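To keep things clear, I will list the structure first and then write my remarks on it.
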Amino acid sequence: MLRTNAYIDCMWLILSFMSAALLGCYDVFKKMALRDNAVVPVLFLNTLFCSLIFLPLVVASACGGIADGSLLYVGQYGWDVHKYIVLKSVIVLSSWSLGYMAIKHLPITIVGPINATRPVMVLVGAVVVFGEHLNMYQWIGVGLSAVSFFLLSRSGKKEGIDFKHNRWIFFLVLAAALGALSGLYDKYIMTPQAEGGLGLSRMAVQSWYNFYQCAMMGCVLLLVWWPSRHKSAPLRWHWCIVLISVFLSTADFLYFYALSMPDAMISIVSMVRRGSVIVSFLFGAALFHEKNLRGKLVDLYFVMLGMLFLYIGSK
């Protein structure tokens, strides 16, 4: 019984690790889909396919096909709630737009480490805004992870990328900052009202923010990209575009589920999710044949060691 309770208590952490693995695959498929491809239509198709995944759940929930309180039930709200979801859509879509442009032009073994700075930003925000407290093992894990991410970023300089004067690096850092802001916002809107949050349904947030993003990207596609499409890279269909949406939706589903649990800590969830850098690194070596891999293996060791301490500290 005690072992069962311990398993339930750390369920949010297990879901976070699963989300991290899927997120790593998502980054790989995103890199593959964007090679020699136009960013705007790929991003639009991503939001479209994500919306199509959740549309049946929204319809079934509204028609009574999915019972209230079940795992896949999408709660129904008015504009007084949807305005908060729209704000999340704006934050996430801004982060995605910058991130997509950056990953198109940068090695994935550079993108991963810079994206991995998000937990440090989230940690500061979680401690300041939500008053979260970490134990000794968790602090060790956070410290090791922060050092490893810094070392990975340093290793990237050996590939001839000037971090101070490269606009794609700037876009990526800004995307990471917006991603961290989105993580803190997620914690706020899904924390129960009795604990100072908005208490929104995780399925409602995930479903509707995809719909709003699709509408926004549709406007960008028609008003910005389509009139000037002949002056930019063309859209080339690739099945990885579909896989982007599948893996992202599944990773986010597990993420929101973990975050909705009472004992979940946004600082730890965000840190574990950045463990996706391990998956993207392995694929970067196998599929993209990127450089300076031997030095980065040492850095990845610290990433995994940091994840281990986070897991021990959260049991």
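Structure above, values below:
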read-out	value
Odd one out for S97 among (1) within 24 Å of W208 (Cβ to Cβ); (2) at pLDDT below 90; (3) among the polar types (S, T, N, Q); (4) within 22 Å of the chain's Cα centre (by Cα)	(2)
Meets criteria (charged (D, E, K, R), open to solvent by 10 Å² or more (accessible area, probe 1.4 Å), in a helix (DSSP H, G or I) and modelled with pLDDT under 80) for K158	yes
Test: L297 is modelled with pLDDT under 75, open to solvent by 20 Å² or more (accessible area, probe 1.4 Å), among the aliphatic types (A, V, I, L, M) and in a helix (DSSP H, G or I)	yes
Residues satisfying the stated conditions in the range 161-199, i.e. over 19 Å from S94 (Cα atoms) and aromatic (F, W, Y)	F163, Y188
Failed criterion for F283 (all others in (1) at pLDDT 70 or above; (2) touching a Leu at 6+ places or on another chain (Cβ under 9 Å); (3) closer than 20 Å to L22 by Cα hold)	(2)
Residue list for the range 164-193, filter: among the polar types (S, T, N, Q) and within 21 Å of V81 (Cα to Cα)	S182, T191, Q193
Residue count, the range 31-74 (criterion: closer than 30 Å to A102 by Cβ and not charged (D, E, K, R))	22
Per-region count, the range 300-315, residues among the charged types (D, E, K, R) and modelled with pLDDT of 70 or more	0
Elements of type helices (runs of 4 or more DSSP H) in the range 1-80, at least 1 residues being open to solvent by 60 Å² or more (accessible area, probe 1.4 Å) and at pLDDT 90 or above	39-62
Matching entry among W208, W237, W225 (being at pLDDT 85 or above, open to solvent by 30 Å² or more (accessible area, probe 1.4 Å) and more than 24 Å from V86 (Cβ to Cβ))	W237
Positions within the range 85-112 being touching a Gly at 6+ places or on another chain (Cβ under 6 Å) and within 23 Å of A204 (Cα to Cα), in sequence order	S95
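The values are calculated or read from the model by the stated rules, or taken from the named source; none is laboratory data. It should be emphasised that the depicted structure is a prediction, and the values quoted were computed from it without experimental measurement. Cβ sites come from the backbone with ideal geometry, for glycine too, and all protein chains shown count toward neighbours. Accessible surface is based on the protein model in full, side chains and every heavy atom, while ligands, DNA and RNA are left aside. Shrake-Rupley method; radii C 1.70, N 1.55, O 1.52, S 1.80 Å.
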